[in-house]
Amino acid sequence: MMSRIGAIAIAVALVSPIAAASAQTALTESQIIQSLSSAGSAPSAQPLTADLIKQAVQQHMADNPGMPITWKPLQLVAALPQIDVQIQFALNSAIIRPESYQTIGSIADALHHPLLLGYKFVVAGNTDTTGNRQDNLALSQARADAVVSALVTTYNVDPNRVEAVGLGEESLETPKDPTNPINRRVQVFTIGKYLPGK
């Protein structure tokens with residue numbers, strides 16, 4: 001497979017091409033691997049799945065009405081090995097912009113690395129609080145689905161190793177500034193060991 005190693009940007013999953021021009025910090029493939037392979041902090045008592053995270057998101061929405069600054073953190077994912085990546089989408093859409101495929105390819109390279117082949121991952125979409133909370137959840141799920149689809153169909157990542165979850169506005173990067181574009185991001189979480197056939 002042709003290598004797409006190189007830097008990818010951490011920070012935000014931006015909608016606007018103008019916002020994408022803001023300062024970013026490059027993340028190398030080795031840093032991606034290091035971040036996602038630190039699975040010692042991943043839960044082991046009960047295997048974590050996309051469905052369990054989705055249930056936690058729904059419960060978080062029910063338990064945390066009102067303003068985001070008063071919300072409790074979404075604890076289920078907070079301690080997982082993770083990275084934030086910049087994936088650009090068409091406005092209010094799950095269509096991935098062409099310039100973001102290099103970033104997705106870099107993620108795929110890391111997931112194909114021998115150090116990560118024994119693990120499963122969740123790709124999570126996040127929004128800010130602009131718009132309706134339920135609509136934001138649906139949009140974030142559609143965007144996470146699109147990234148997983150690209151990883152599987154374009155970059156041959158095993159579909160049994162990667163799942164999609166929309167977090168909507170339930171896991172804000174900056175709860176005190178909930179409409180800040182930095183909250184619009186895609187995350188990749190390590191959720192545990194991958195055992196083929198199980």
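The values are calculated or read from the model by the stated rules, or taken from the named source; none is laboratory data. Note that the structure is predicted; figures quoted are calculated from it, not measured. Neighbour counts run over all protein chains shown; Cβ positions are idealised from the backbone, glycine included.
Of everything in segment 168-188 that is in a loop (DSSP other than H, G, I, E, B) and either of a type in the set (A, V, I, L, M, F, W, C) or touching a Leu at 6+ places or on another chain (Cβ under 9 Å) (or both), the residue that is surrounded by the most Cβ atoms within 10 Å (Cβ to Cβ) is Arg184. Of all residues in segment 77-95, those satisfying the criterion of being over 17 Å from Leu36 (Cβ atoms) and surrounded by 18 or more Cβ atoms within 10 Å (Cβ to Cβ) are Gln88, Phe89, Ala94. Report yes if some residue within segment 167-182 is β-branched (Val, Ile, Thr) and within 18 Å of Ala108 (Cα to Cα); otherwise report no. So far as segment 167-182 goes, no, none of its residues is β-branched (Val, Ile, Thr) and within 18 Å of Ala108 (Cα to Cα). Taking the options Val123, Val157, Val165, Val148, name whichever one is at pLDDT 95 or above, out of contact with any Asp or Glu (no Cβ under 8 Å at 6 or more places or on another chain), surrounded by 18 or more Cβ atoms within 10 Å (Cβ to Cβ) and under 17 Å from Ile87 (Cα atoms). Being at pLDDT 95 or above, out of contact with any Asp or Glu (no Cβ under 8 Å at 6 or more places or on another chain), surrounded by 18 or more Cβ atoms within 10 Å (Cβ to Cβ) and under 17 Å from Ile87 (Cα atoms) holds for just one of Val123, Val157, Val165, Val148, which is Val165. Residue pairs whose Cβ atoms lie under 8 Å apart, sitting 6 or more positions apart in sequence or on different chains, and linking a residue in segment 58-78 that is at pLDDT 85 or above to a partner that is among the aromatic types (Phe, Trp, Tyr) and buried (at least 17 other Cβ atoms within 10 Å of the Cβ), are His60/Trp71; Asn64/Trp71.
Looking across segment 126-145 at every residue that is within 18 Å of the chain's Cα centre (by Cα) and assigned to a loop (DSSP other than H, G, I, E, B), the one that is surrounded by the most Cβ atoms within 10 Å (Cβ to Cβ) is identified as Thr127. Ala164 meets all of the listed conditions (1) under 27 Å from Ala62 (Cα atoms); (2) assigned to a loop (DSSP other than H, G, I, E, B) but one, namely (2).
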